[in-house]
Every structure is written in structure tokens, then in C-alpha cells.
Amino acid sequence: MDVAEVDVAIVGAGGAGLRAAIAIAESDPSLSVALISKVYPMRSHTVAAEGGAAAVTQAHDTLEAHFHDTVAGGDWLCEQDVVEYFVGQAHQEMVQMEHWGCPWSRKPDGHANVRAFGGMKIERTWFAADKTGFHMLHTLFQTSIRYPSIRRFDEHFCVDLIVEAGRVQGLLAIEIASGGFRLIRARSVIIATGGAGRVFRENTNGGIVTGDGMALAYRHGVPLRDMEFVQYHPTCMPGTGLLFTEACRGEGGFLLNKDGYRYLQDYGLGPAEPTPRNKAMELGPRDRLSQAYWHEKRKGRTLSGPHGEVVHLDLRHLGEKRLRERLPQIYELAVQYLGVDPAAAPIPVLPAVHYTMGGISADGLTAAPLAGLYSAGECSSVGIHGANRLGSNSLTELLVFGRVAGMEAAAYARTVPHGAPTKIGALAEEARARALAILARPSGGERIATLRREMAQSMEDGCGIYRTAAAMQATCDKLAELQQRYRRVQIDDRSRVWNTEWLLAIELGFLLDVAQAIAHSALSRRESRGSHQRLDGFAERDDAHFLKHSLAFHDGDGPPRIAYGPVKITRSQPGTRAYGAAGEQADAERRAREDVHA
Amino acid sequence: MPEPKNIEICVLRYHPEHDPEPAWRSYQVPCTDDMSVLQGLQHIKDEIDGTLGFRWSCRMAICGSCGMMVNGKPRLSCQTFLRDLQPGPVRIEALAHLPIERDLIVDVGEFVNKLEAIKPYLIPREPRTLAEGEYLQTPAQLERFEQYTSCINCMLCYAACPEYGLNRDFIGPGVIALLHRYNADSRDGGQAQRQPILNAEEGVWSCMAVGYCSEVCPKQVDPANAVNQNKAVSARDYFLRFLAPKGAAP
């Protein structure tokens, strides 16, 4: 088996992984970095992020305001000290990206421009047209080329972490082009593999978003935190789930039901005004907007389309010129994929799974409760999103916590030696044998696509926008059944060169583990908070019992064991989460309270 | 759900472990009006033949993974719809001019090596600390290079380029567009460092100005335009070298 030895190994080369790698290379060029990705870095799913990245920028904005928007947006399940650090670092990271060449959209005076985003009180979202993630990813990838200490392992598929003597000491990967194995020994490992949206049927995610890093850490005893919080993005393409960015609404788009009525005003988000008011109506948070769709559908006020019930995203009043300038990709997607000219007709949309708020349990400095292991980005639960992420906080998160993970993993790597090669080699051999066993399964078993489809449908049925115990239990039962059937999964392809079916089978194992963590965490949370909404007698938030992070622990062949951990509250006591006119009143009351205390 | 009708998809298959050369295989795929070529291939892989190899991810023409030849033309399979290819058969091959690793999967390494070689990162004209804030850049300055930032590295232009087909050392349209992107950025001062790459035999002068690269570009980057602009720059650079010694200001 081929062996490489480095100081820090990073699994995943999207925004967070690249930012981490650059942070290490810049701070200490003598440290060697392995950057491992199952795709070429520029294919990573960061590429698909559209709307922008949040950072307090304007003179009348404050870190305070970004903090409060984020914490209230997360329904108070955020780690408040971590949020405070995050908002404080955000602007510097945007400037750093600018210095690296990111083509941010500009104001006439040459400064970077900002746009409005859902749940954000003041415009603070930096953007590069409507391809912000694409530009950030390419900027980071291209910048990373400057640094000779970063050694890339492109198209290498990580099958397991190597944990020995109580700490992570590397990983085993398949070089996809040859099907050969490569052991990468490292003093510390950063997981930056992105989310797990593909556990759900209708989702905005790329095919590679299969929860790999979450499952890898989970199987080694690291809990997955707050996994029940899954974000439905309210404006997605029927059938495929492809995303129409929130910036459509930031730029002034409306959501209409079948009567042409801006229905959000019926769900505590009004008043409806002709131009967008921040934190109201179409600029409310994603969980509330997706929930409003669900109610409209129940009331029979949606439109029937070939792929289900839809509402309309109406951009016509913005005019073709502005749409082409600010939302060029959206324009193209609507025309090419739906045959809809958004300057002339409204776009049919529905909610689809977009983002996993939870992830690998991490402290405020990205460290997992396993020595030497760090995580950053969507795979990580560093604690800033709580029960509902605000749009444009996640791209910023990649940068802020990618950098932190890099610095921390580098610092740790300097303190520990490489472990004993024989022990690590033996563990790698075991992992290799497990991966190869899938290739040797007898034929006549289950098809990968069948299991994946049943899993994704079951997750949608049980862990969708609104949940009940009965439906969640049914999903938990289904997942247990699928785990059994997964043992008989068979593949047509027994070869080694570019065997993507083999990788799909391994990914399905990751997906099933993550799906179980989501479903069981959801079933155990007997309250409604943020994106986790229940209809079965737990419709209210219950701070007395559930102002807690859930922790899903891998438990052998059985379902996960669910435990709870404390939430760090510093400055913001849980309050009423209100938007629109009611939200403005609540904000004013909060400020008055704080003035009294100050 | 719309009622599916079948379409025939023929794929040029090749597996280096057991095929002496690529060979066509035909599949019958149920097809609805909103299905992309990629979805057709996914159907084959999921339901008919799990051994079919192709790259894909985002499904929305931004990750650049799924380039292939569709009826002889370089296309992103996610952005090409079966309804436009009726009644079929649809012929799918790996991107032209690039070595096939397996089935529809080509070697990307050569392209990435070229991309890395041109210093595709900002070499600041005037270094600036973070505390000094962002560089100012007006919308007009941004517009001078913005279209060249849109390249998704899908390599369709390499499959379209007749010169690249003859000479794989040519750095090619996509990478020249990226080089131009940095040279044209008001913040960048790295042009002199990148110029030798353009001037070399494998640089802009290899281009035969066919322009098919721009025609197939799914992101309207117009690499042919970047190449042409740099032919002018390279020519000027060539003549200036007779007038001024190296290192002297032109």
C-alpha cells in the first residue's frame, strides 16, 4: 500500500478545506499539508452557493446586530460565544478574499457592495453576482496553488480515519483512477467534507454531498450534534430541487400563491410592502418561509405542476436589465431548465432540502472530542447556526472556521509525533479489507439505487418541514431495515479503475448512518424549534427541557444513542422569535431591556 | 409526472482493464420532456448497468464535471436536454482530444497542470494589509475581466479546439482565458511573470483562430477573445524586446 506522511491531512477541498490549507501554509510553510478530495477542488459543492457571504460592513451596521440576527435566527440554539467570534472575524475574511482576487460585486465608488438577505436586519451580504460560492471556491483553489507545502490528492476517496492510541493519526483513501489504496499518515486531521443533503429526495445539493466526513467521525465515536435541524430552502426548482438563490428576494422578488397573493403576510411576516423590508415578508428566515409554503399547500392555495405543488417566485418587476446584472445564473437556469423567462413570467418553486445545520461536534475552535480531529464548514457543528441557519452565514463560516481549523490543527500537529507505523499500517489494512469486501459481495443482492431511493423518500416523509412522532418512527424503522438490506448491497462492477459504483456503495453506507442520526435526533426532540417543527402536541419551543444540543452517538449495529449537551448563552436570553412588524417591536423591546441593564 | 417515452442512448464505452478499444453500447431510456442527458445516464447507471462511468455533481452547470460529446458536440450533460435530441438515438462519447481513463471519464490532470503553471492568482500590483481594507475597483474595472472569471474548467473548449487536438502541449483556450483574467484585473501586477507562457510556442501563437472554443463555452467566457487580445499583447512584447533591454521600462 502506498503511504504518504504529512503533518496535517484535510479531507475535503471545498471552501473550508482550502481555507484551512492556506491558513496552515501561510502561517508555517514548514508544515506539510495533504488536501484530499474525492473530486477536483473546483468541483466541490461550495461552487453552487449563489447568494453571498455575510459580514458587517456598513457604517450603520454593528456586530451586535449580526450577532442578534444569527442567534434569534437560530432560535437560540447557537453557541453565543462562538457566534460572537464569528461575526467579529467575518469582515476581515471578506477583505482577505478580496486581496486574493475574489471578484466581489462593487459599488460605483469601488468598494465591495452588499445586498439584503433573509433574516438579516441590515444589508451585509457580500456577493459576486449570483455565483458567490463559485467565485470564492475558484479564488481559494487558485490561491492555494501558490503554496508548495500543500500537496493535493485530487480524486481520492476517503474510506476511513485511522484512530490509534486515542487520537486520529491519518486516513485511508482510494485513488479513484487506479482503485489503489493510499494511506495518509498525519499528526492531525481536518474534516471539511460538506453536508449530507443527499439523504433527502428533493434537494439542492450536488451528487457528492453524501455526508462522508460526518459518518467517518461518527463511526469513531465522535457525536453528531443537532442533526435534526435540516434546512428547507423555500425557492427551489420542482423535480430537480435546484436552487433559486435567496438573493432573488434580496433583490426584491415576491412569493405568490395561486391567486397572485403574497401569502407570507398571513404567517406573521407582514406587512406586505412593495419594496423589501429586511427581516419581513420574503426576507424572513428560510424555516418560516418553507413552513408557510406547507400551510398554503394544505389550504389548497398552491398551483399543481408536473412535479408537485408549487408557488410562484415573481421577479418580473425587477426588469430584465437588473436580473441579467444581479441574477444572471438564475436567469439562465429558469430559461434553460424550466423554459421560463423570469422577466416575463413568474418562476414555479417549492422548498427542497438545502443544508444540514448540525454536524460533527466541535468546540469553538473546531476541535472534535477526539484528539487531533478538527472540522469546518457544513460538516461541522461549531455552533453558529442553531436550529436554523441564516442565508449567507455559511459561506462566511467556511472562511472563518476554515482558517481556525487550519491554525488549530497545525498547532496540535506540532505537539505530537507520528505514531508507530506498524500499528497504523495494520489498522489501514483492516480498513482496506472492509472496503474491498464490498467488491466481493455475491450478486443477486440489493441495488444501490433502490436502497438510496427508499431512504431518501422515507427521510422526506418522516423528517420533512413538519414532523410527527408516528412518521419519524416509521422513518427510523425504515432506516433500520435499510441498514440490514445494505449488507446485501451488490454491485455490477468488480473492476478497480474508476469504479464509481463501488464508491456509490460506500457513500450509501455514509448516507444511511447520517440519516439515522437525523431521524433519531428528530424523534427525540419533543418540541418545535427553528427548522424542527412538530404537529403532534409539541408545537411550541420548550426551553425548560430542550434548550440543549442533541448528540447522536454511533452505537454498533443498532440505532444511535441520543444524549444532550448544554447551550452556551452569553448575552441573548431566549426570547420570542418574531419577524415583520412584530419582529421590529420585539427588537425595540430587547434594546430597551439592554439599555436598562447597561 | 409527465408520461415517459423511450429514447435510445448510445454510449462509447471503454474499460482499460479489459477493452482493447472503445466500443458503442446502446440503452433504451425512458425519457420525459424535462430530462437532461445526465439524467439519462443516471438512469442507465442506476437501473440498467452499474458499470457505466461518468463524472457529475452539481446538475446546474456550475461545477464543470460533466462535459462530454453529445452527438459530436462538446456539451455539459446536465445542461443538455433529451427533448432537444428527439427522436434519437443520442450518441455520447468522452470529450474529444483528451485521453480516456474509462468510458466518459477523461484525464483532467494535464489541464490542471497547465492551469497551475500560469500563476492563476493575484500578484498584487501594490501589496496591501488587511487593516487597509479592500482594494478599490470600480464596476467598470471589474467589467474588464469579469467574464473571464466565469470559466468553470469544464474543458469543453479543449474538446472543441482543433489545435489542441493536434498538439496537446498548447496551453489552450480555457487556461489562456484564466491567465487573461488575472492580467486584466486592476489589482494585479503579475503580467510580466505570465508573459513568457503566452509568448512560448505553446502559448497564444498556437491558436489558429477558429473560434469554436467560444461557440461551445457554456458560460459565455469567450476564450477566443482572450486569446486574440493576448496575441496583440504578445506581439507588442515581441517588438519591445528589440527596443528595450530586459528589465527596462517599455
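Laid out as a table, the results:
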read-out	value
Centre separation in Å (Cα based) which lies between the stretch A:509-533 and the stretch A:317-378	22 Å
Loop-located trypsin sites (Lys or Arg not before Pro) in the stretch A:446-516, at most 16 other Cβ atoms within 10 Å (DSSP)	A:R487, A:R488, A:R494
Heavy-atom accessible area order for B:H15, A:H91, largest first, 1.4 Å probe	A:H91, B:H15
In sequence order, calculated HN-Hα J values of the stretch A:398-408 (Karplus, 6.51, -1.76, 1.60; Hz; x Gly/Pro)	4, 6, 4, 8, x, 4, 4, 4, x, 5, 5
Probe 1.4 Å - accessible area at A:H317, Å² to nearest ten	90 Å²
Percent of beta bridges antiparallel (DSSP, the protein assembly as shown, rounded to nearest 5)	70 percent
Nonlocal amide H pairs with A:Q533, under 5 Å, H built at 1.01 Å	A:R467
Förster radius 51 Å - calculated FRET efficiency between B:K5 and A:A469 (Cβ-Cβ, nearest 0.05)	0.75
Efficiency of FRET between A:D557 and A:R494 - r from beta-carbon atoms, R0 25 angstrom, step 0.05	0.40
Count of lysine pairs in chain A with Cα separation under 15 Å (8 or more residues apart, or interchain)	4
Computed helical MRE - 222 nm, chain A, DSSP H runs ≥ 4 contributing -39500 (n - 2.57), nearest 500	-11500 deg cm²/dmol
Summed buried accessible surface, chains B and A, 1.4 Å probe, nearest 100 Å²	5600 Å²
Chymotrypsin sites (Phe, Trp or Tyr not before Pro) restricted to the stretch A:200-264 and DSSP loop, no more than 16 other C-beta within 10 Å	A:Y261
Heavy atoms of A:V382: accessible area, 1.4 Å probe, square angstrom to 10	0 Å²
Extension gain, B:L130 back to B:W24 (0.36 nm per residue minus Cα-Cα distance, nm)	32.5 nm
Length released on extending from A:R151 to A:H317, taking residue separation times 0.36 nm less the Cα-Cα span	54.8 nm
Solvent accessible area, Å² - A:W76, 1.4 Å probe, full protein context	20 Å²
Percent RCO, i.e. relative contact order, over chain A, from Cα pairs under 8 Å lying at least 6 residues apart	22 percent
Exposure rank, largest accessible area first [A:M407, A:M237; 1.4 Å]	A:M407, A:M237
Derived scalar couplings ³J(HN,Hα) [the stretch A:62-69; Karplus, 6.51 cos²θ - 1.76 cosθ + 1.60; whole Hz; x for Gly, Pro]	9, 4, 3, 5, 5, 4, 5, 4
Rel. contact order, % - alpha carbon contacts under 8 angstrom, at least six apart, the stretch A:106-251	18 percent
Distance from the stretch A:492-507 to the stretch A:1-44 (C-alpha centre basis), Å	25 Å
Whole-Hz ³J(HN,Hα) from phi, Karplus 6.51 cos²θ - 1.76 cosθ + 1.60, for the stretch B:82-98, glycine and proline x	4, 4, 7, 10, 5, x, x, x, 9, 9, 10, 9, 4, 3, 5, 6, 10
DSSP bridge orientation in the stretch A:1-156 - percent antiparallel, rounded to nearest 5	40 percent
Kirkwood-based shape ratio for the stretch A:428-565, expressed as Rg/Rh from alpha carbons	1.06
Relative contact order, percent, the stretch B:109-243 [alpha-carbon distance under 8 Å, six or more residues apart]	30 percent
Isotropic mean projected area of the C-alpha convex hull, chain B (nm²)	17.4 nm²
Taking the convex hull of Cα positions in the protein assembly as shown, its mean projected area over all directions (nm²)	34.6 nm²
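The values are calculated or read from the model by the stated rules, or taken from the named source; none is laboratory data. As the structure is a computational prediction, the values presented were derived from the model and not from experiment. So basically every Cβ, Gly included, is an ideal-geometry build from the backbone, and we count neighbours across all protein chains shown. Protein only, heavy atoms only, side chains kept; ligands, DNA and RNA dropped before computing areas. Shrake-Rupley method; radii C 1.70, N 1.55, O 1.52, S 1.80 Å.
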